[in-house]
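K.L.:
Below is one structure. I have some questions about it.
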Amino acid sequence: MGKLEITEIKRIVNLIQKIECKNYAVLTDTAKELGVKKTELMQFIEDNNKLFKISEVNGVKGLTISNVYLKPEDNPETDEWIEKKKKEWEKKLHVSKMYYYGCFEFYYITTDIDGYCPHREYLYRNTEAKMNKLIEDGVLTYEKRGYGDYTIGNFILFDSNIDKITNAGWTTDFNEIKEE
């Protein structure tokens, strides 16, 4: 049996997913394609668990591989990924869009909150500490806006706010959000 390499495992998993038109590859099928025992592959996965997303799929016998990562910092479930994101977002803010009955109304910035962030954004993006610092420095100003059946209190984003943010040495993902 050959030595398992993460790049080859990733390649095989991706090919199986394409062939099967599924977002997973069954572990036993993957082992067979790699030419190794399923226990050998399972041990490799356990020894390198930060490089794999493993799951159980209803109706499928055995474990499945949903994703293979080349480095721990590529896996959103690891602390290494969070540390990488903290560096990326150190002086950057996330901008959100407000919709009212399906129509776009305005852009705003708000604090990310645990429980509402699927990828733990509250740990690196618009953190409470970051937002408090920007308020304290006068970069962000709290404002309420709304209509008869809703009111939202947040940091509404106007051109003057973007200039304040930029002049204070910060960036935003405004251009990416605007294009969505």
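K.L.:
In this structure, is Ile113 without any contact (Cβ under 8 Å) to a residue 60 or more places away in the chain and either crowded, with 17+ Cβ neighbours inside 10 Å or of a type in the set (Lys, Arg) (or both)? First the steps, then the outcome.
P.N.:
Details: without any contact (Cβ under 8 Å) to a residue 60 or more places away in the chain: yes; either crowded, with 17+ Cβ neighbours inside 10 Å or of a type in the set (Lys, Arg) (or both): no.
Against the criterion (without any contact (Cβ under 8 Å) to a residue 60 or more places away in the chain and either crowded, with 17+ Cβ neighbours inside 10 Å or of a type in the set (Lys, Arg) (or both)), Ile113 does not qualify.
K.L.:
Okay, moving on. Pick out the one residue from Asp137, Asp149 that is modelled with pLDDT under 85, farther than 29 Å from Leu70 by Cβ and not hydroxyl-bearing (Ser, Thr, Tyr). Steps first, answer last, please.
P.N.:
Numbers: Asp137 fails: modelled with pLDDT under 85.
The conditions single out Asp149.
K.L.:
Here's another thing I want to ask about it. I'd like the full set of residues that are closer than 21 Å to Asp163 by Cα, assigned to a loop (DSSP other than H, G, I, E, B) and more than 14 Å from the chain's Cα centre (by Cα), limited to the range 106-126. Don't jump to the end; show me each part of the working.
P.N.:
So the first thing to find is which residues in the range 106-126 are closer than 21 Å to Asp163 by Cα, and the list is 106-111, 125-126.
Next, from what is left, pick out any that are assigned to a loop (DSSP other than H, G, I, E, B): 110-111, 125-126.
Result: Thr110, Thr111.
K.L.:
Checking Asn167 against (1) at pLDDT 85 or above; (2) surrounded by 17 or more Cβ atoms within 10 Å (Cβ to Cβ); (3) over 24 Å from the mean Cα position of the chain (by Cα), only one condition comes out false. Which one?
P.N.:
(2)
K.L.:
May I pose another question? Is it fair to say Tyr108 is over 18 Å from Gly169 (Cα atoms) and either of a type in the set (D, E, K, R) or loosely packed, with under 15 Cβ neighbours inside 10 Å (or both)? Explain how you work it out, then say what you get.
P.N.:
Numbers: over 18 Å from Gly169 (Cα atoms): yes; either of a type in the set (D, E, K, R) or loosely packed, with under 15 Cβ neighbours inside 10 Å (or both): no.
Against the criterion (over 18 Å from Gly169 (Cα atoms) and either of a type in the set (D, E, K, R) or loosely packed, with under 15 Cβ neighbours inside 10 Å (or both)), Tyr108 does not qualify.
K.L.:
Also, I was wondering about something else. When the range 1-27 is examined, which residues are found to be part of a helix (DSSP H, G or I), surrounded by 14 or more Cβ atoms within 10 Å (Cβ to Cβ) and of a type in the set (D, E, K, R)?
P.N.:
Within the range 1-27, Glu8, Lys10, Arg11 qualify.
K.L.:
Can I ask one more? Would you call Lys97 out of contact with any Lys or Arg (no Cβ under 7 Å at 6 or more places or on another chain) and buried (at least 16 other Cβ atoms within 10 Å of the Cβ)?
P.N.:
It is false that Lys97 is out of contact with any Lys or Arg (no Cβ under 7 Å at 6 or more places or on another chain) and buried (at least 16 other Cβ atoms within 10 Å of the Cβ).
K.L.:
When you go through (1) hydroxyl-bearing (Ser, Thr, Tyr); (2) within 22 Å of Trp81 (Cα to Cα); (3) surrounded by 15 or more Cβ atoms within 10 Å (Cβ to Cβ) one by one for Thr30, which number turns out not to apply?
P.N.:
(2)
K.L.:
So, one more: Quick test of your reading of the structure: Lys87 fulfils all but one of (1) part of a helix (DSSP H, G or I); (2) surrounded by fewer than 15 Cβ atoms within 10 Å (Cβ to Cβ); (3) more than 20 Å from the chain's Cα centre (by Cα). Name the failing condition by number.
P.N.:
Condition (3) is where Lys87 drops out.
K.L.:
Determine, yes or no, whether Lys10 is within 30 Å of Asn175 (Cβ to Cβ), basic (Lys, Arg) and touching a residue at least 40 places away in the same chain (Cβ under 8 Å). Lay out the reasoning, then the answer.
P.N.:
Details: within 30 Å of Asn175 (Cβ to Cβ): no; basic (Lys, Arg): yes; touching a residue at least 40 places away in the same chain (Cβ under 8 Å): yes.
Criteria not met by Lys10.
K.L.:
Sort out which residues of the range 52-75 are in a loop (DSSP other than H, G, I, E, B), at pLDDT 95 or above and surrounded by 14 or more Cβ atoms within 10 Å (Cβ to Cβ), and write them in order of number. Let's see the steps before the verdict.
P.N.:
We begin by selecting, within the range 52-75, every residue in a loop (DSSP other than H, G, I, E, B); these are 57-62, 69-71, 75.
Remaining after also requiring at pLDDT 95 or above: 69-71, 75.
Within the range 52-75, Tyr69, Asn75 meet the criteria.
K.L.:
Would a scan of the range 60-75 turn up a residue that is within 28 Å of Leu157 (Cβ to Cβ), out of contact with any Phe, Trp or Tyr (no Cβ under 7 Å at 6 or more places or on another chain) and either free of Cβ contacts under 8 Å to residues at least 60 places away in the same chain or not small (Gly, Ala, Ser) (or both)? Before the answer, list the steps.
P.N.:
Going residue by residue through the range 60-75, those that are within 28 Å of Leu157 (Cβ to Cβ) are none.
Checking the range 60-75: not a single residue is within 28 Å of Leu157 (Cβ to Cβ), out of contact with any Phe, Trp or Tyr (no Cβ under 7 Å at 6 or more places or on another chain) and either free of Cβ contacts under 8 Å to residues at least 60 places away in the same chain or not small (Gly, Ala, Ser) (or both).
The values are calculated or read from the model by the stated rules, or taken from the named source; none is laboratory data. These numbers were taken from a predicted model, which means no experiment stands behind them. Quick reminder, even Gly has a Cβ in these numbers, built from the backbone with ideal geometry, and neighbours come from all protein chains shown.
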